[in-house]
Amino acid sequence: SRKVPCGAGLDCSPPQIVNKEIVSPPSLVPTVLSEEDEEIINSVVKGSTPSYTLESKLGDCKKAAAIRREALQRLTGKSLNGLPLEGFDYESILGQCCEMPVGYVQIPVGIAGPLLLDGIEYSVPMATTEGCLVASANRGCKAIHLSGGATSVLLKDGMTRAPVVRFASAQRAAHLKFFLENPNNFENLSMIFNKSSRFARLQNIKCTIAGKNLYMRFTCSTGDAMGMNMISKGVQNVLDYLQNDFSDMDVIGISGNFCSDKKAAAVNWIEGRGKSVVCECVIKGEVVKKVLKTNVAALVELNMLKNLTGSAMAGALGGFNAHASNIVTAVYIATGQDPAQNVESSHCITMMEAVNDGQDLHVSVTMPSIEVGTVGGGTQLASQSACLNLLGVKGANRESAGSNARLLATIVAGSVLAGELSLMSALAAGQLVRSHMKYNRSSKDVSKVSS
């Protein structure tokens with residue numbers, strides 16, 4: 001086993017290139033178009049053929065993307081040179097990941113690690129365009145590794161969906177609230193809900209009322225899927241059933257924002273959504289000095305004044321951390337998660353405390369709403385699937401349903417722990433601006449590029 005992990009710290013300088021000019025990427029060679037293709041392009045430009053019908057009309061997803069792209073360029077008069085078209089499997093996204101594609105965006109993927117978490121080493125893929133981010137997380141991983149590794153605990157695992165319904169009176173809305181929250185009714189409601197999937201298992205229903213409007217927050221386990229579609233089906237089953245005894249119930253929407261998805265919300269911060277994880281490590285004082293270039297007392301003080309007091313003064317909601325969303329989003333994009341869910345998934349409180357007579361640093365991150373899956377959505381695409389495979393969590397776990405997604409959530413938390421350690425240390429040592437000015441600025445002549 002590796003005794004000293006590789007870690008470049010904050011030195012993210014690029015390799016030196018001698019006697020070579022930096023040149024712009026060559027223009028893409030336009031696809032050779034047949035007369036038939038020209039007819040279709042002209043039809044799309046004129047509006048007689050809707051762009052969204054090209055896949056079904058042509059039966060060739062790549063050709064549909066090429067024709068749509070050319071039609072778009074002619075319609076707008078803007079070139080898409082630089083946006084790649086070749087080298088992507090457009091069949092893999094049909095009907096599930098992206099509609100009306102014209103190419104794909106390239107985002108570099110770096111590796112931070114090894115992250116020693118619960119006794120196992122992980123090489124963490126991070127898709128980002130922010131200089132120093134991967135190097136910083138890498139330095140945090142090194143500090144954790146040299147201190148014996150981090151440990152994690154998964155506290156909860158349940159996705160939520162909260163429909164909103166309306167009645168003629170608040171009293172009638174309250175009747176349904178009492179019915180749903182009555183333990184005697186749970187078994188029957190659970191049976192109806194669980195019919196939607198082999199993996200969906202209803203955990204609880206919590207309700208709140210606003211006048212005559214009722215919001216019902218369903219929570220259920222979802223196996224290795226992130227689970228939004230799964231829980232929505234279960235909720236629809238229950239709503240259909242409730243119409244029998246509550247025929248006066250008017251379903252306003254399957255989602256009433258009491259869930260709450262892709263929005264900062266206290267309900268997720270307090271109750272949790274997806275996976276709730278806490279990750280911790282004791283960083284040796286010697287490692288704090290040699291690797292993180294600061295000291296325990298400085299980190300504890302900065303954490304109190306920045307992550308706790310500063311965030312409180314700002315009225316933060318779940319934002320009691322340095323940059324959890326940086327790590328969450330980079331890992332999410334690399335592994336095919338829904339990047340918009342970084343909003344609630346980045347809810348995190350970072351705690352730092354001097355231990356062992358002030359010699360060492362106990363650091364932890366508590367993240368109540370990490371929303372991840374290892375099946376469905378973007379996880380099945382080739383690039384994202386490869387990153388999941390690197391972590392050992394690709395696809396569904398057939399021996400223990402849901403364990404791959406739960407493991408991914410703990411890796412996300414462990415990676416955030418590494419990121420918090422390194423950035424806080426850079427701030428405490430006054431390194432942040434210096435490192436970013438040195439390594440996160442383009443060497444190109446911007447005036448020439450823009451002209």
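The values are calculated or read from the model by the stated rules, or taken from the named source; none is laboratory data. Note that the structure is a prediction, hence the values are computed from the model and not measured. Cβ placement follows ideal geometry from the backbone for every residue including glycine, while neighbour counts extend to all protein chains displayed. In case anyone asks, the SASA skips ligands and DNA or RNA and just uses the protein heavy atoms, side chains included. Shrake-Rupley method; radii C 1.70, N 1.55, O 1.52, S 1.80 Å.
Quick notes on this one:
- Close pairs (6 angstrom Cβ cut-off, 6 or more residues apart or separate chains): surrounded by 21 or more Cβ atoms within 10 Å (Cβ to Cβ) in region 47-75, aromatic (Phe, Trp, Tyr) anywhere: Ala65/Tyr90
- Residue in region 244-253 that is surrounded by fewer than 22 Cβ atoms within 10 Å (Cβ to Cβ), closer than 20 Å to Asp157 by Cβ and not aromatic (Phe, Trp, Tyr) present: no
- Index of the failed condition, Arg273 passing every other in (1) open to solvent by 10 Å² or more (accessible area, probe 1.4 Å); (2) within 30 Å of Met228 (Cβ to Cβ); (3) in contact with an Asp or Glu (Cβ under 8 Å, 6 or more places away or on another chain): (1)
- In region 278-297, residue farthest from His362 (Cα to Cα) [restricted to those that are among the hydrophobic types (A, V, I, L, M, F, W, C) and part of a loop (DSSP other than H, G, I, E, B)]: Val291
- Among the residues of region 187-226, the one identified as open to solvent by less than 30 Å² (accessible area, probe 1.4 Å), charged (D, E, K, R) and not in a strand (DSSP E or B) is Asp224.
- Among residues of region 312-328 being out of contact with any helix residue (DSSP H, G or I) (no Cβ under 8 Å at 6 or more places or on another chain) and part of a loop (DSSP other than H, G, I, E, B), the one that is least open to solvent (accessible area, probe 1.4 Å) is Ala316.
- Leu85 being over 25 Å from Ser385 (Cα atoms) and either open to solvent by 70 Å² or more (accessible area, probe 1.4 Å) or hydrophobic (A, V, I, L, M, F, W, C) (or both): no
- Residue in region 88-97 that is nearest to Val375 (Cα to Cα), counting only those that are open to solvent by 60 Å² or more (accessible area, probe 1.4 Å) and of a type outside the set (D, E, K, R): Gln96
- Where a residue in region 324-350 is within 19 Å of Thr160 (Cβ to Cβ) and its partner, wherever it lies, is of a type in the set (Phe, Trp, Tyr) and open to solvent by 40 Å² or more (accessible area, probe 1.4 Å), with Cβ under 9 Å and at least six apart: Glu344/Trp269; His347/Trp269
- Members of region 159-186 found to be open to solvent by 40 Å² or more (accessible area, probe 1.4 Å), outside any helix (DSSP H, G or I) and in contact (Cβ under 8 Å) with a residue 12 or more places away in the chain, listed by number: Arg166, Ala168, Ser169
- Annotation note: of Glu420, Glu353, the sole residue that is of a type in the set (Asp, Glu) and outside any helix (DSSP H, G or I) is Glu353.
- Conditions (1) assigned to a helix (DSSP H, G or I); (2) under 17 Å from Val416 (Cα atoms); (3) open to solvent by 20 Å² or more (accessible area, probe 1.4 Å); number of the one not met by Ala386: (2)
- Subset of region 108-128 (residues that are assigned to a loop (DSSP other than H, G, I, E, B) and in contact with a helix residue (DSSP H, G or I) (Cβ under 6 Å, 6 or more places away or on another chain)): Thr128
- Options Val296, Val331; residue that is under 17 Å from the mean Cα position of the chain (by Cα), surrounded by 17 or more Cβ atoms within 10 Å (Cβ to Cβ) and on the phi < 0 side of the Ramachandran plot: Val331
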